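Peer 1: I'd like to ask you about the structure that follows.
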Amino acid sequence: MKKVDFDNLILFENEDYLVINKPPYLSSLDDRHEAQNILDLAKAHTPDSQLCHRLDKETSGCLVIAKNPAAYRHLAMQFESRKVNKVYHAVVEGIKEFSDELVDRNLAANNKGIAKVSKDGKPAQTIFNTLKTYYAHTLVECKPITGRLHQIRVHLAYLKSPICGDTLYGGNPLYLSSIKRRFNLKKETEELPIMQRVSLHAYSIGFQGLDGADLFINAPYPKDFKVLVTQLEKTS
């Protein structure tokens, strides 16, 4: 991965918080396989930086970074009392009409970092709403109430609506040839999926600043997610 310009990722900044639009494939924390990660980049910008939450390596979008210990504690308490409003967008398989669809299913994760629905797991709740339906796919708004590992991905798989590209939880890669008529691939060329990752983006986050002001930040779609939605629009 080429060197990331951290300043270009910043969506919002004040004296206490940074909110960035995390690019896909960049780890939140130290990753021995990668030369750079969000925490190191943030500390180079502000030495006391702490990540207030995490996003999976493949997931793009809103990530909040505290610039001082008081700001970190303030947001940690809001996460604990479930007062942080997180919204994700996902492209899922099938035509789904979700209207405040609540999935309330406990999740347990194994030591390989794979989660599953289990009555012995920790409580997990997510609310789903349909934003747009296409020929054979749906753009879904996901509102996690809790923050378990792979929560949105597993809850959507539970609804038999796996996220496109999420092969870990039953999703299939989405190829242009499957949605575009008269698609011609050059001879001796292997077709790649439109998105080569899980089709999940942390679209917005809302929380209270240290000064009591309500903050609400949106993260624009990255290029690959935007291309996917644009292609699907042509099939709707």
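The values are calculated or read from the model by the stated rules, or taken from the named source; none is laboratory data. No experiment lies behind these values; they were computed from the predicted model shown. Remember, those area values only see protein heavy atoms, side chains included, never the ligands or the DNA or RNA. Shrake-Rupley method; radii C 1.70, N 1.55, O 1.52, S 1.80 Å.
Peer 1: Enumerate the calculated ³J(HN,Hα) couplings along the stretch 153-162 in order (Karplus 6.51 cos²θ - 1.76 cosθ + 1.60, θ = phi - 60°), each rounded to whole Hz, writing x wherever the residue is Gly or Pro.
Peer 2: Whole-Hz 3J(HN,Hα) from phi for the stretch 153-162: 4, 6, 5, 5, 4, 4, 7, 6, 9, x.
Peer 1: Additional query: Before I look further, what does the chain give for accessible area per residue, probe 1.4 Å, in whole square angstrom?
Peer 2: It amounts to 55 Å² per residue over the chain.
Peer 1: Between rounded, prolate and oblate, where does the stretch 108-191 land on the alpha carbon gyration tensor, with a ≥ b ≥ c its root eigenvalues, rounded for a/c under 1.5, else prolate if a/b exceeds b/c?
Peer 2: Note, shape of the stretch 108-191 comes out oblate.
Peer 1: How much mean residue ellipticity at 222 nm does the chain get from its helices, if each DSSP H run of length 4 or more adds -39500 (n - 2.57) and you divide by all residues, to the nearest 500 deg cm²/dmol?
Peer 2: -5500 deg cm²/dmol
Peer 1: So which of K96/K132; K86/K226; K3/K43; K96/K160 end up more than 18 Å apart by C-alpha?
Peer 2: Exceeds cut-off: K86/K226.
Peer 1: What is the percent of Cα-Cα separations in the stretch 29-125 that go past 16 Å?
Peer 2: Cα-Cα pairs of the stretch 29-125 separated by over 16 Å account for 72 percent.
Peer 1: Here's a follow-up. Provide the solvent-accessible area of Y25, counting protein heavy atoms only and rolling a 1.4 Å probe, rounded to the nearest 10 Å².
Peer 2: Only protein atoms counted, so the area is about 90 Å².
Peer 1: OK, next. Give the carbon-plus-sulfur fraction of the accessible surface of the chain in %, rounded to a whole number; probe 1.4 Å, heavy atoms of protein chains only.
Peer 2: Carbon plus sulfur share of accessible area: 48 percent.
Peer 1: Comparing R148, R73, R197, which has the greatest mean-square fluctuation in the GNM of the chain with Cα pairs linked when under 10 Å apart?
Peer 2: In this elastic network of the chain, the residue with the biggest mean-square fluctuation among R148, R73, R197 is R73.
Peer 1: Give me Rg over Rh for the chain, both radii from the alpha carbons and Rh done the Kirkwood way, two decimal places.
Peer 2: My calculation puts Rg/Rh at 0.98.
Peer 1: GNM, the chain, Cα, under 10 Å: largest mean-square fluctuation among G212, G171, G61?
Peer 2: G212
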